[in-house]
Amino acid sequence: MSERRKVLMVCLGNICRSPIAEAVFISSITQMNIANRWSADSAALRGYHVNSMPDTRAQETIKSNGITNYSHLARTITDDDFHDFDWILGMDDFNITELNRMKPEGSKAQIELLGRYDPEGEVIIRDPFYDRDSTGFFKVFEQCSRSVKGFLETHQ
Ligand code: 4NP
């Protein structure tokens, strides 16, 4: 059996969008019985929140969507990640610009917007960190669910 394909979800702080994307990905591959063929992690572009749990609104969103076993502490992306992961999926255009700037020459990771796999065409997953409530986090979850499904259908 060939090696697992590896996906790294990336956003600015790794406490809002990319943990939700990672939790959705892990939950999806588990439900689809393909967890033996895929693995996922998440990371930040900036080290503002290293070792922090996801934002409480992200935790609430993940739990209220039935994912109860997700745990992750924020970490920053490293040069090795660009060699280790098959895909590095960013949430917005700034993420993609930064990832392309950081990508070491000769590394294998394919850098893409997660939202390019959204069948509803909502390509940008907006940063909800400065919002006053959880509404934006629930929207992030919906976008991630659609996009992860699209990604797995495309690359099954
Ligand atoms: P994320 O959201 O990139 O989706 O994790 C943010 C979290 C923290 C900050 C910005 C965005 N911050 O500036 O601290």
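The values are calculated or read from the model by the stated rules, or taken from the named source; none is laboratory data. Here the structure is a predicted model, which means the values were calculated and not measured. Positions of Cβ are backbone-derived with ideal geometry, glycine not excepted, and every protein chain shown enters the neighbour counts.
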Given the conditions (1) within 15 Å of the chain's Cα centre (by Cα); (2) without any contact (Cβ under 8 Å) to a residue 24 or more places away in the chain, report the number of the one that Thr135 does not fulfil. (1)
With touching a residue at least 40 places away in the same chain (Cβ under 8 Å), part of a loop (DSSP other than H, G, I, E, B), away from the ligand (no atom under 12 Å from the Cβ) and among the β-branched types (Val, Ile, Thr) as the only criterion, which of Ile67, Ile88, Ile62, Ile125 stands out? Ile67
Within the bounds of the range 52-73, is there any residue that is at pLDDT 95 or above, surrounded by fewer than 20 Cβ atoms within 10 Å (Cβ to Cβ), out of contact with any Asp or Glu (no Cβ under 8 Å at 6 or more places or on another chain) and among the acidic types (Asp, Glu)? yes
Could you tell me how many of the residues in the range 1-53 are in contact with a Phe, Trp or Tyr (Cβ under 7 Å, 6 or more places away or on another chain), within 21 Å of Phe82 (Cα to Cα), within 14 Å of the ligand (Cβ to nearest atom) and assigned to a loop (DSSP other than H, G, I, E, B)? 1
